[in-house]
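Data first, discussion second: the structure below is written as structure tokens.
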Amino acid sequence: MKTIYKGKIVTLKIQKVKFSDGHSSLYESILHKPAVAVVPLIDDQHILLIKQFRPVTNEKLWELPAGLIDGNEMPRAAAKRELEEETGFRAKKIIKLAEFYSSPGFTDEKIFLFLAYNFVKTKQKLDEDEKIDVKIFSIDTLLKMIKNNKIKDAKTILGILLTNQLLFSPYLKRRATNITT
């Protein structure tokens, strides 16, 4: 693998892959630091989202609080930290929902997705380049926003859908007792 670019968050590499039939192809890969995303479940009907400008899309997007895992930080600790920094809420309870690759066709970015609930209000601790609005939505409203393309971020869509399933699937709800208490 040949490194083309190395930045703060990503490294771009080109790799020649040889297949069993003898032909080969060049692959471009983006190596990305692992990240976390958090579904802040306010109660069994409401989720908090943040809205921020994303230069790469040139849009303000509704998203779950999320961020990079720092150094040797454990994913759960990173999720708690990012949640409080971006929203001003500290979670007393946090459970892992999933871990997934954001787009494995070209990047190794792994996102650890958590559900947080039972909060203490603190205050936002934003980085100087972060301008974040915080808003609480009903799950029904969020599902409509997904359907109407008002939520475009994949990790956010996944988090909302998994949380909705967790809350309203009798099997899953039994497995996650006392989720909002």
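With the condition kept exactly as written, say whether any residue in the stretch 141-148 is part of a loop (DSSP other than H, G, I, E, B) and farther than 25 Å from residue 68 by Cβ. Checked the stretch 141-148: at least one residue is part of a loop (DSSP other than H, G, I, E, B) and farther than 25 Å from residue 68 by Cβ. Surrounded by 14 or more Cβ atoms within 10 Å (Cβ to Cβ) and under 13 Å from residue 134 (Cβ atoms), is that true of residue 48? Against the criterion (surrounded by 14 or more Cβ atoms within 10 Å (Cβ to Cβ) and under 13 Å from residue 134 (Cβ atoms)), residue 48 qualifies. Here residue 37 fulfils each of the conditions (1) closer than 18 Å to residue 154 by Cβ; (2) in contact with a helix residue (DSSP H, G or I) (Cβ under 6 Å, 6 or more places away or on another chain); (3) modelled with pLDDT under 95 apart from (3). What do you reckon, is residue 17 farther than 20 Å from residue 159 by Cα and either surrounded by fewer than 12 Cβ atoms within 10 Å (Cβ to Cβ) or over 18 Å from the mean Cα position of the chain (by Cα) (or both)? Taking the combined requirement at face value, the residue satisfies it.
Residue under question is residue 151, and the condition is that it be assigned to a loop (DSSP other than H, G, I, E, B), at pLDDT 95 or above and either outside the structural domain of residue 27 (by TED's automatic domain parsing) or at positive phi (or both); does it hold? Taking the combined requirement at face value, the residue satisfies it. Checking the stretch 112-124 against the condition returns no match, with no residue being within 13 Å of residue 63 (Cα to Cα), outside the structural domain of residue 25 (by TED's automatic domain parsing) and of a type outside the set (A, V, I, L, M, F, W, C).
For the subset of the stretch 108-140 comprising residues that are more than 16 Å from residue 66 (Cβ to Cβ) and touching a helix residue (DSSP H, G or I) at 6+ places or on another chain (Cβ under 7 Å), which member is surrounded by the fewest Cβ atoms within 10 Å (Cβ to Cβ)? Applying the filter and picking the extreme gives 122. Filtering the stretch 44-51 for residues that are free of Cβ contacts under 8 Å to residues at least 40 places away in the same chain and either out of contact with any Pro (no Cβ under 8 Å at 6 or more places or on another chain) or under 17 Å from residue 116 (Cα atoms) (or both) leaves an empty set.
Residues of the stretch 88-106 that are exposed (fewer than 14 other Cβ atoms within 10 Å of the Cβ) and in a loop (DSSP other than H, G, I, E, B): 103, 104, 105, 106.
The values are calculated or read from the model by the stated rules, or taken from the named source; none is laboratory data. These figures come from a predicted structure and were not determined experimentally. In this analysis, Cβ positions are derived from the backbone assuming ideal geometry, glycine residues included, and neighbour counts consider all displayed protein chains.
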